[in-house]
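Quick notes on the structure that follows.
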Amino acid sequence: MGTEIIMPFESIVQCPWCKTKYPNTNQSQCTNCGGTLEYSYESDDLGSEPPRAPRVLPPKFKRRIKYTGNVMTMIGIVFTIPFFWTILFPIIGIFCWRKGLKTANYELLPLEQGKATVGKIIDIRTDYTQSMNGQSPTIVEFQFEADGKEHIGNVGNIYDSVHRKKKVGDSLWVVYMPNDPDKSSVWPPMV
């Protein structure tokens with residue numbers, strides 16, 4: 001006559017916008033950045049549909065996408081600011097800095113202004129061409145339909161272990177620019 005012992009455990013909800021972790025919470029808004037907490041990477045549930053555009057993104061999230069979590073921008077800053085007195089390093093730095101900001105804006109624009117649709121994950125892979133603090137980011141490739149045509153997009157610079165939480169075939173919300181569906185992102189963001 002065995003007695004089953006049930007161990008209590010904490011369910012931790014992580015804000016997809018600022019990465020703040022909340023143990024055993026039923027909050028719907030992050031107290032740190034104001035982002036929504038209703039979505040979980042631990043499940044294949046879509047969560048609620050993104051709000052209608054224009055959407056206001058948390059400032060900390062925008063800063064992380066443009067600067068602190070963006071490898072090209074960080075390289076650009078490192079090459080430009082300390083070596084401003086040389087000629088070659090600032091040229092390389094400014095090129096990298098601009099490329100990083102352009103990539104960030106391609107991701108932020110659909111999150112702020114894009115139209116929502118349902119997509120699915122078609123590939124999850126590691127990007128070994130980049131590294132930050134010895135860790136290579138993950139790229140999640142997704143497929144969605146816009147104006148009757150299939151489109152493929154991807155989200156990179158993901159330094160979380162999303163590949164252990166999401167899998168190929170999972171559904172997710174995609175936001176894209178109606179006039180240019182190649183500019184797309186995942187809602188809520190995975191980065």
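Bear in mind these aren't lab numbers, they're just calculated from the coordinates by the rules spelled out. Everything quoted here is computed from the prediction, not taken from an experiment. As a convention, Cβ positions derive from the backbone with ideal geometry for all residues, glycine included, and neighbour counts pool all protein chains shown.
Structure data summary
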{"item": "Cα principal axis extents for segment 84-153, largest first, Å", "result": "52, 28, 18"}
{"item": "Given charges at beta-carbon only (K, R positive; D, E negative), |dipole| of segment 93-191 in Debye", "result": "260 debye"}
{"item": "Summed residue charge, Cβ within 14 Å of Gly76's Cβ, Lys/Arg positive, Asp/Glu negative", "result": "+4"}
{"item": "Sum of side-chain charges, Phe142 neighbourhood, beta-carbon under 9 Å (Lys, Arg +1; Asp, Glu -1)", "result": "-1"}
{"item": "Reciprocal mean inverse distance between Cα atoms of segment 59-108 - Kirkwood radius, Å", "result": "10.7 Å"}
